[in-house]
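> Below is a structure I'd like to ask you about.
The values are calculated or read from the model by the stated rules, or taken from the named source; none is laboratory data. What you see is a predicted model, and the numbers here were worked out from it, not measured in a lab. We place every Cβ from the backbone using ideal geometry, glycine too, and count neighbours over all the protein chains shown. Only protein heavy atoms, including side chains, enter the accessible area calculation; ligands, DNA and RNA are left aside. Shrake-Rupley method; radii C 1.70, N 1.55, O 1.52, S 1.80 Å.
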Amino acid sequence: MEWYTIGEVSKHCKIPIRTLRYYDDIGLLKPDRISPETNYRYYSMEGMRKIPLIKYYKQLGFKLEDIARMLERPDFDVLEAYMAQELLIVERQMAELQKKHFAIQEWYRLLKQGETLLAEPAAEPKIEISMFPIYRTMKVRYEVKDRQEADIEVLYSNVFVELCTRHNIYAYGPFMLHFESFDRRVDRTFTEVDCYTAVIEDESNASMTAVIGGFQAVCLVHRGDYSTIGHTYRAVQDWAERNEILLQGSSYERYIIDPWSTTKRENYITELIVPIGGERAIV
């Protein structure tokens, strides 16, 4: 039988000597022979054949302790069992990555929308009637117990991040708030607000989500700090009165550029959505 030194194996199989020694220590790939005189390690061709398998299984993501069992190859059942188990793991990882990809993609699109709006001349804002899109969302009702807490970023950030983290739910832009009375929103006398965020729905969180949207509303984009948002609301109200349009009195705020995106308050972009007449659509 032909024997190969650890140096020869390292050279032929493109594997560091320290790695071979480590594999020996953990019992993954032991030398086929150790010289009693010199304590040199020697490997057979069969031992060398295992090295590409180890590299390949590592590339596929198998743990070294599993690879040791797989190298024994007593029958097909062992390999099939490990492959089936790893397939389930990879499929779950793929599903998670798809959710992450979609969420990041949607946040990116929201940022680009905000940049486009910021690039437009700061002229008289355009008021229009449009259909409020339908969103699959998670909803949290936030009670404002302390007037100092009534800042927009406080109303949703901590609540939603904690909730989504706890349930492994992926949210994506935009965040939205609903006020039962936009007059109380303007006066900052509201005591509760419904917070919404669009989420990627799956079987694990279906019971926690609801649909909002699907109704006509007067829409207007507010630029700048939230402290001046009352002027934008009054512009909507005046426009509706001039055009004899009945407003419900409630409102949604859709955050396109907010404290999550910038530290410059003058660059905040918020879409005001004021439902027209009748009942708001929440399923």
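> Can you compute the helix-only [θ] at 222 nm over the chain? Use -39500 (n - 2.57) per DSSP H run of at least 4 residues, normalise by all residues, nearest 500 deg cm²/dmol. Please report the intermediate quantities before stating the final value.
Working: 8 runs with 123 residues, N = 283.
Computed ellipticity for the chain at 222 nm equals -14500 deg cm²/dmol.
> When each pair of different Cα atoms in the chain is counted once in the 1/r mean, what is the Kirkwood radius in angstroms, to one decimal?
On the way: mean 1/r = 0.0420 Å⁻¹.
This gives a value of 23.8 Å.
> Pick out, from Leu64, Leu111, Pro275, the residue whose Cα sits farthest towards the positive end of the charge dipole of the chain, with +1 on the Cβ of Lys and Arg and -1 on the Cβ of Asp and Glu.
Leu64
> Kindly express, to the nearest 10 degrees and within the range 0 to 90, the angle between helix 229-242's C-alpha long axis and the longest C-alpha principal axis of the chain.
Between the helix axis and the principal axis of the chain, the angle is about 50 degrees.
> So, one more: So for the pair Ser207, Arg109, with labels modelled 7 Å out along Cα→Cβ, what separation do we get in nm?
3.1 nm
> Over all pairs of distinct alpha carbons, what does the Kirkwood formula give as the hydrodynamic radius of the stretch 117-275, in Å?
Numbers: mean 1/r = 0.0610 Å⁻¹.
Averaging 1/r across every pair of different Cα atoms and inverting gives 16.4 Å.
> A follow-up question, please. Distances over 16 Å make up what percent of all Cα-Cα pairs in the stretch 3-115? Before the final figure, lay out each step's value.
Details: 4324 of 6328 pairs.
Summing the P(r) of the stretch 3-115 above 16 Å gives 68 percent of all pairs.
> In whole percent, how big is the carbon plus sulfur part of the accessible area of the chain, probe 1.4 Å, protein atoms only?
Values: 8610 of 16560 Å².
Reported share for carbon and sulfur atoms: 52 percent.
> Could you state the accessible area per residue of the chain in Å², with a 1.4 Å probe and every protein chain left in place? Please list the in-between numbers first.
Numbers: 16560 Å² over 283 residues.
On a per-residue basis, the chain sits at 59 Å².
> What list of ³J(HN,Hα) values in whole Hz, one per residue of the stretch 14-25 in order, does the Karplus curve 6.51 cos²θ - 1.76 cosθ + 1.60 (θ = phi - 60°) give from phi, with Gly and Pro shown as x?
So the J values, rounded to whole Hz, are 6, 9, x, 4, 4, 5, 4, 5, 5, 4, 5, 4.
> Could you work out the relative contact order of the chain? I mean the mean sequence separation of Cα pairs under 8 Å and 6+ apart, divided by the number of residues, in percent.
Working: 403 pairs, mean separation 47.8, N = 283.
Averaging sequence separation for qualifying contacts and normalising by length gives 17 percent for the chain.
> Still on this structure, I have one more. Would you mind checking Lys14/Lys58; Lys63/Lys100; Lys112/Lys139; Lys100/Lys264; Lys11/Lys50 for any pair whose Cα atoms are more than 22 angstrom apart?
Numbers: Lys14/Lys58 15 Å; Lys63/Lys100 25 Å; Lys112/Lys139 25 Å; Lys100/Lys264 27 Å; Lys11/Lys50 15 Å.
Table pairs above 22 Å Cα-Cα are Lys63/Lys100; Lys112/Lys139; Lys100/Lys264.
> On to the next question. Which chymotrypsin sites (Phe, Trp or Tyr not before Pro) does the stretch 8-109 hold that lie in a coil by DSSP with at most 14 other beta carbons within 10 Å?
Working: sites: Tyr22, Tyr23, Tyr40, Tyr42, Tyr43, Tyr56, Tyr57, Phe62, Phe76, Tyr82, Phe102, Trp107, Tyr108; in loops: Tyr40, Phe62.
Here the chymotrypsin sites (Phe, Trp or Tyr not before Pro) that fit, given the DSSP loop and packing criteria, are Tyr40.
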